There are 2 protein chains.
Amino acid sequence: MELLTHKSAGSPQIIGLRDPAALTTSLGWFVKTGSRDETVEVAGVSHFLEHMVFKGTPRRSAEDVNRELDFLGAQSNAFTSEESTVFYASVLPEYQDQCLDLLSDLMQPSLREGEFETERQVILEEIAMYDDQPPYGAFEIALEHFFGAHPLSLRVLGTTESVSDLTLDQMKQYHTARYSTENMYLVASGNVDFDRMVEQAVSLSASWPKSEASRKFSKPRMHFGEMTITREDTQQYYGISVWPGVDCNDPQRYALRLLCTILADDSGSRLFWELVDTGRAETVTIWPQVFDECGCLLGYMCCAPEDARDNNKTINRVIQQLLQEGVTERELELACNKITSSLVLSDERPSSRLFAVGQSWLCRQHYEPLDVVLSRYESVTCDEILQSAQKTLGQSNFQIRIVGENGSAGTS
Amino acid sequence: MELLTHKSAGSPQIIGLRDPAALTTSLGWFVKTGSRDETVEVAGVSHFLEHMVFKGTPRRSAEDVNRELDFLGAQSNAFTSEESTVFYASVLPEYQDQCLDLLSDLMQPSLREGEFETERQVILEEIAMYDDQPPYGAFEIALEHFFGAHPLSLRVLGTTESVSDLTLDQMKQYHTARYSTENMYLVASGNVDFDRMVEQAVSLSASWPKSEASRKFSKPRMHFGEMTITREDTQQYYGISVWPGVDCNDPQRYALRLLCTILADDSGSRLFWELVDTGRAETVTIWPQVFDECGCLLGYMCCAPEDARDNNKTINRVIQQLLQEGVTERELELACNKITSSLVLSDERPSSRLFAVGQSWLCRQHYEPLDVVLSRYESVTCDEILQSAQKTLGQSNFQIRIVGENGSAGTS
């Protein structure tokens, strides 16, 4: 495995993790833009734009795009998060050039009025469907309150209002500002011809916007408290908690993931044995969400309404005990083994390595190879886990509970 | 990549596809038994037994099994089909011995009364849930009618009646007869120490049942016709068709998969462009189901009730046209590219190769390496595709349609 990089003036940063023994090539454009780079007025534009990218370019109709992806036998997709918009495909090595040509063409879509209106309806339906499914957008509501005026409070899908009001001009302005060569990474992994890729990508991106696209940083003021939402159609109790966390470059991020694995992994954790294995709750998990320059811990519980009160007491007791006594060497060994095994297993495919490289570059402009990541986990001590617990679970939090119509679930 | 095999008297066949460069080891027990090896009275016993396997052995309680899988960081699971029951796990190479010890122990479970009754309820709920979801068990109903008295008509989950009536003794008899060393394959792929695995597996399986466990073959008499099922709670129209197919060793199986890809793949196929891309149907697919010594083609369409009649006409027209005119060289090239790309992509992980080896061995007692499979697809001609179409889609079929309460959907 060989890491190769290229950056020339006016062209995007290009990164390749070459494995000449691989039988496939994975390619991806990682755009450093997402809902946190939006304003309330245009909330959802990153995600809407991700959809529009497949609706045609000056060189290809939407149908051409579909047919060509299909011809390449490409396993391709795209997603938008708070901080990134990613387009990727995996193909046989002989289709590297054609796949790169297609993916790169998509980065400068036509953004035509007709498709814009059609796609707006698709996204409004997506928002409605999402709000219809448990836990009914409760994570988004919790983050809205927790992050307050900070842009991380914005929803990735936007709101019915913001998507309804968005104009094509606003999307075009956003695209020009954010899909610039200075704000995009081209990543390849697997059996890739790196020199040919660089030559082709530099040429394809020659006419793209070149402006600097910075991300606004501000220390979020976190908000604590609790709220109850009543929905007549829900049978189950859903509880969500948000605690302060760490950012994506914080050295404590390894300890924090170990902590969450020991405390509230979906199998074999303290809360799993207390509540899920005993049948008292359907799901209990807590996991870290790391962002650029800040982060949080998200907790989720789903159970029968009549068990909610006791379960919440149990969760508090288990957390308080951990904050007092810390974790054992044996628990640390088990959690470390679970995390490292799962990292090794997921690192086997070029397509998975693509995301590891791309996300690492978006976050810290360099790549942390697997063996380095594994050694970071292996060097974490029980003391460090306790410190990371005090810094997060030991702080105030924001809680939201979704209950059925009689409202008795969370408070009985 | 190196294929290694071992068979000694009284011990199971052992197969390893060794890749010393892999970072993980995948292990699996492939038992050549499934719903087609049952009788009507014990229908569902294979699947029920698969559940019971995780409920404890003479050496381990159910909780021990959970904790140990968790400790190994194993990505593990099990499934039951018409013809096989499979248990597998992927671990770091240093846990090969422990993982093999655990998986092998599971193959001779305790089958205790208490767990049997608890698990019976879980499975009855699973059956009820399955019948509650569209298309409401319609595939199973269609195969029941199509295969008639042949055991391939039996449902993998069994029926509420057969599972309610099953006794622990019947399960124990089934287990002794089917989980014998002569009817099980141990498969490993990835970074495996084959010699150590053989030594350990031979020792662990020394006391297992050794009887020959044959599969009863009889040429199925296929049944054609159509039926309509009315369900008050359905909003959509669901149509299922079954045509004669080919068995898992038929040389035409490559042509048949290419045919289905050209005609009715879920992207970029003739029926996709006619019905799905145009928004007239939500899903239209046709795919081959290959079994030991026989097979079928399954078709599925889901759409709004008011579109069902026209859509069915379109499907018939597109099939008749293909039977008349065959496919084009260009379509064959595209379909071949899609299939081979997807095979290469899925062959990248040791855990995926485990299934390729295991399924191939269950079917034909040898392994067809990826490059052989690819060359089989690449050598198929347009003429062969037309022949395979005439042998399947050109024959009579069995059709079932699920419609809403007014009953007008399929017949208006």
What is the packing order of peptides B:82-88, A:378-384, taking the mean over residues of other C-beta atoms within 10 Å and listing the highest first?
B:82-88, A:378-384
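How much length would be gained if the chain were fully extended between A:Thr39 and A:Phe224, taking 0.36 nm per residue of separation minus their Cα-Cα distance, in nm to one decimal? The partial results should precede the final answer.
Working: separation 185, 0.36 × 185 = 66.60 nm, distance 2.31 nm.
Value of the extension gain: 64.3 nm.
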Between A:Tyr300, A:Ser396, A:Ile123, whose Cα lies farthest towards the positive end of the dipole of chain A when Lys and Arg beta carbons carry +1 and Asp and Glu beta carbons carry -1, centred on the Cα centre?
A:Ser396
Position B:Ala177, label points 7 Å along Cα→Cβ, spacing to each other copy in nm (shortest first, one decimal)
7.2
Excluding residues fewer than 8 positions from B:Lys338 in its own chain, the aspartates and glutamates with Cα under 13 Å of it are A:Glu68, A:Asp70, B:Asp265, B:Asp266, B:Glu378
Would you please state the base-10 log of I(q)/I(0) at q = 0.05, 0.08, 0.10 1/Å for the protein assembly as shown, with intensities from the Debye formula using one equal scatterer on every alpha carbon?
-0.30, -0.84, -1.43
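Summarise the long-distance tail of P(r) for segment B:47-117 by giving the % of C-alpha pairs beyond 21 Å.
Details: 571 of 2485 pairs.
The answer is 23 percent, as a whole percent.
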List the aspartates and glutamates whose alpha-carbon lies under 15 Å from that of B:Lys210, not counting same-chain residues fewer than 8 positions away?
B:Glu182
DSSP beta bridges in chain B [antiparallel fraction, %, rounded to 5]:
80 percent
Restricting attention to segment B:186-268, which chymotrypsin sites (Phe, Trp or Tyr not before Pro) occupy a DSSP loop and are surrounded by at most 15 other Cβ atoms within 10 Å?
B:Phe217, B:Phe224
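Can you list which of the GluC sites (Glu not before Pro) found in segment B:1-42 are DSSP loop residues with at most 15 other C-beta atoms within 10 Å? It would help to have the intermediate numbers written out before the result.
Working: sites: B:Glu2, B:Glu38, B:Glu41; in loops: B:Glu38, B:Glu41.
For GluC sites (Glu not before Pro) across segment B:1-42 that sit outside H, G, I, E and B with at most 15 neighbouring Cβ atoms in 10 Å, the list reads B:Glu41.
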Need one number: the % of Cα-Cα pairs in chain B sitting beyond the 38 Å mark.
27 percent
Segment B:1-117: relative contact order in percent, alpha carbon pairs under 8 Å with at least 6 residues between:
30 percent
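I'd like to verify something in chain B: which complete DSSP H helices, judged by Cα projection on the helix axis, reach 18 Å or more and average at least 0.0 on the Kyte-Doolittle scale? Provide the component values of the computation, followed by the final result.
On the way: long enough: B:113-132 (29 Å, -0.74); B:308-325 (25 Å, -1.06); B:329-346 (25 Å, 0.15); B:350-364 (21 Å, 0.07).
Result, helices passing both filters: B:329-346, B:350-364.
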Hull shadow area, averaged, segment A:85-142 [alpha-carbon convex hull, nm²]
6.3 nm²
With a sphere of radius 13 Å drawn around the Cβ of B:Val373, what net charge do the other residues whose Cβ falls strictly inside it have (Lys, Arg +1; Asp, Glu -1)?
+1
With N denoting the number of residues in segment B:283-412, provide Rg(C-alpha) divided by 2.2 N^0.38 Å, to two decimal places.
1.31
Calculated from DSSP helices alone, with each H run of at least 4 adding -39500 (n - 2.57) and the total divided by the residues of chain B, [θ]222 nm to the nearest 500 comes to -13000 deg cm²/dmol
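Residues of B:70-78, mean number of Cβ from any other protein chain within 10 Å of their own Cβ, rounded to a whole number? List each step's numbers first, then the result.
Working: counts 9, 6, 4, 12, 4, 4, 0, 0, 0.
Per residue, the average neighbour count from other chains is 4.
Would you mind giving the mean number of other chain beta-carbons within 10 Å of the Cβ of each residue in A:83-95, as a whole number?
Working: counts 0, 0, 0, 0, 0, 0, 0, 5, 4, 5, 1, 1, 2.
Whole-number average of other-chain Cβ neighbours for A:83-95 is 1.
For Cα pairs less than 8 Å apart in space and 6+ apart in sequence, what is the mean separation divided by the residue count of segment B:324-412, i.e. the relative contact order in percent? Before the final figure, lay out each step's value.
Details: 31 pairs, mean separation 30.3, N = 89.
RCO, segment B:324-412: 34 percent.
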Dipole magnitude of the protein assembly as shown about its Cα centre (Cβ charges: Lys, Arg +1; Asp, Glu -1), debye to nearest 20
700 debye
Any idea of the accessible area per residue across segment B:61-155, 1.4 Å probe, to the nearest Å²?
38 Å²
For segment A:322-349, residues shielded by at least 40 square angstrom of accessible area compared with the chain on its own, probe 1.4 Å
A:Leu334, A:Asn337, A:Ser341, A:Val344, A:Leu345, A:Glu348, A:Arg349
About the Cα centre, and with charges only on the beta carbon of Lys, Arg (+1) and Asp, Glu (-1), how big is the dipole of chain B? Nearest 20 debye, please.
880 debye
Largest-first ellipsoid semi-axes for segment B:1-104, taking √(5λ) over the Cα gyration tensor eigenvalues, angstrom:
25, 19, 12
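If I stretch the segment between A:Thr381 and A:Ser110 completely, what's the gain in nm (0.36 nm per residue apart, minus their alpha carbon distance), one decimal? Spell out each step's value before the answer.
Values: separation 271, 0.36 × 271 = 97.56 nm, distance 5.29 nm.
So the extension gain works out to 92.3 nm.
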Tell me the relative contact order for chain A as a rounded percent, counting alpha carbon contacts under 8 Å between residues six or more apart.
21 percent
Taking all protein chains in place and a 1.4 Å probe, what share, in percent, of the accessible surface of chain A do carbon and sulfur account for?
48 percent
Suppose every Lys and Arg Cβ carries +1 and every Asp and Glu Cβ carries -1, with no other charges. What dipole size does segment A:1-128 come out with about its Cα centre, to the nearest 20 debye?
360 debye
How long, wide and thick is segment A:85-232, going by the Cα atoms along their three principal axes, in whole angstroms, largest first?
57, 38, 32
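Which longest uninterrupted range of chain A lacks any trypsin sites (Lys or Arg not before Pro) assigned by DSSP to a loop state (not H, G, I, E or B) and surrounded by at most 10 other Cβ atoms within 10 Å? Could the numbers behind the result be given before it?
On the way: sites that count: A:Lys216, A:Arg221.
The longest such stretch corresponds to A:1-215.
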What whole-number value in Å² describes the accessible area per residue of segment A:222-380 for a 1.4 Å probe?
42 Å²
Any idea what the A:Lys219 label distances to the other copies are, label 7 Å down the Cα→Cβ vector, nm, shortest first?
8.3
Under 5 Å, built H, 5+ apart or other chain: amide partners of B:Leu297
B:Trp243, B:Gly245, B:Gln289
By the scheme Lys and Arg +1, Asp and Glu -1, what is the net charge of all other residues having a beta-carbon under 11 Å from that of B:Val327?
-4
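Chains B and A: buried accessible surface, both sides, probe 1.4 Å, rounded to 100 Å²? Could you put the intermediate results ahead of the total?
Working: alone 18490 and 18500 Å², together 34100 Å².
Rounded to the nearest hundred, the buried surface is 2900 Å².
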Once both labels are modelled 7 Å past Cα along the beta-carbon direction, what's the B:Asp97-A:Ser396 spacing in nm?
5.5 nm
Projected onto the charge dipole of the protein assembly as shown (unit charges on the beta-carbon of Lys, Arg, Asp and Glu, signs +1, +1, -1, -1), the Cα from A:Gly245, B:Phe30, A:Leu4 with the largest positive-side position is that of A:Leu4
Once the label point is set 7 Å along the Cα-to-beta-carbon vector, what list of distances in nm do you get between B:Lys313 and its counterparts in the other copies?
6.7
Above-threshold pairs, the threshold being 30 Å between Cα atoms, out of A:Lys172/A:Lys216; A:Lys32/A:Lys219; B:Lys219/B:Lys313; B:Lys313/B:Lys391; B:Lys7/B:Lys391; A:Lys32/A:Lys391:
B:Lys219/B:Lys313; B:Lys7/B:Lys391
Counting DSSP beta bridges with both partners in the protein assembly as shown, what percentage is antiparallel, nearest 5?
80 percent
Charge dipole of segment A:109-212 built from unit charges on the beta carbon (Lys, Arg +1; Asp, Glu -1), centred at mean Cα; most positive-end Cα among A:Phe194, A:Phe147, A:Leu111 is A:Phe194
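Once the other residues with Cβ under 11 Å from the Cβ of B:Val122 are scored (Lys, Arg +1; Asp, Glu -1), what is the net sum?
Details: positive: B:Lys55, B:Arg120; negative: B:Glu115, B:Glu117, B:Glu119, B:Glu125, B:Glu126.
Around B:Val122, the surrounding residues sum to -3.
The values are calculated or read from the model by the stated rules, or taken from the named source; none is laboratory data. Being a predicted model, the structure only gives us computed values, none of them experimental. Every residue, glycine among them, receives a Cβ derived from its backbone with ideal geometry; neighbour counts consider all protein chains shown. The area values use the complete protein model at the heavy-atom level, side chains included, leaving out ligands, DNA and RNA. Shrake-Rupley method; radii C 1.70, N 1.55, O 1.52, S 1.80 Å.
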